[in-house]
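Accompanying notes for the structure given below.
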Amino acid sequence: KAMDLTFGSTPHGAGRLLSRSAAKRRFWGGDVKKELENRGMVVMAASQVILAEEASGAYKEVDRVIEVGHKLGFAGKVARLKPLAVIKG
């Protein structure tokens, strides 16, 4: 169904819910860092602003995005992965 519904495309990530500017207004980088560290992640960033831009709340819920593709039949669930590292550059 992908060719008919999405021109052969499928989500490759959750996609932004907030623009970078909106995320910077809503989140503080220090809080984002603490939240990630509390979840057992090592956080290194060039600035607190970059962390605010990339806060998890700035993105759509990936489980919901995946479920839509699965239910509409243009993508299928194969595995649930856990990121080991994120590099933004």
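The values are calculated or read from the model by the stated rules, or taken from the named source; none is laboratory data. Just so it is clear, the structure is predicted and the values come from calculations on it, not from any experiment. Because the Cβ atoms are built from the backbone with ideal geometry, glycine has one as well, and the counts that use them run over all protein chains shown. SASA here: full protein model, heavy atoms, side chains in, ligands and nucleic acids out. Shrake-Rupley method; radii C 1.70, N 1.55, O 1.52, S 1.80 Å.
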Checklist entry - Of all residues in segment 1-54 being out of contact with any Asp or Glu (no Cβ under 8 Å at 6 or more places or on another chain) and of a type in the set (Val, Ile, Thr), which is most open to solvent (accessible area, probe 1.4 Å)? => result 42
Next on the checklist: Given the criteria within 17 Å of the chain's Cα centre (by Cα), of a type in the set (Lys, Arg) and open to solvent by 60 Å² or more (accessible area, probe 1.4 Å), does residue 64 qualify?
Outcome noted: yes
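Just to verify a result, which residue in segment 69-85, among those that are without any contact (Cβ under 8 Å) to a residue 12 or more places away in the chain and of a type outside the set (Lys, Arg), is surrounded by the fewest Cβ atoms within 10 Å (Cβ to Cβ)?
The selected residue is 79.
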Checklist outcome for this item: Across (1) surrounded by fewer than 16 Cβ atoms within 10 Å (Cβ to Cβ); (2) in contact (Cβ under 8 Å) with a residue 24 or more places away in the chain; (3) in a loop (DSSP other than H, G, I, E, B), residue 57 clears everything bar (3)
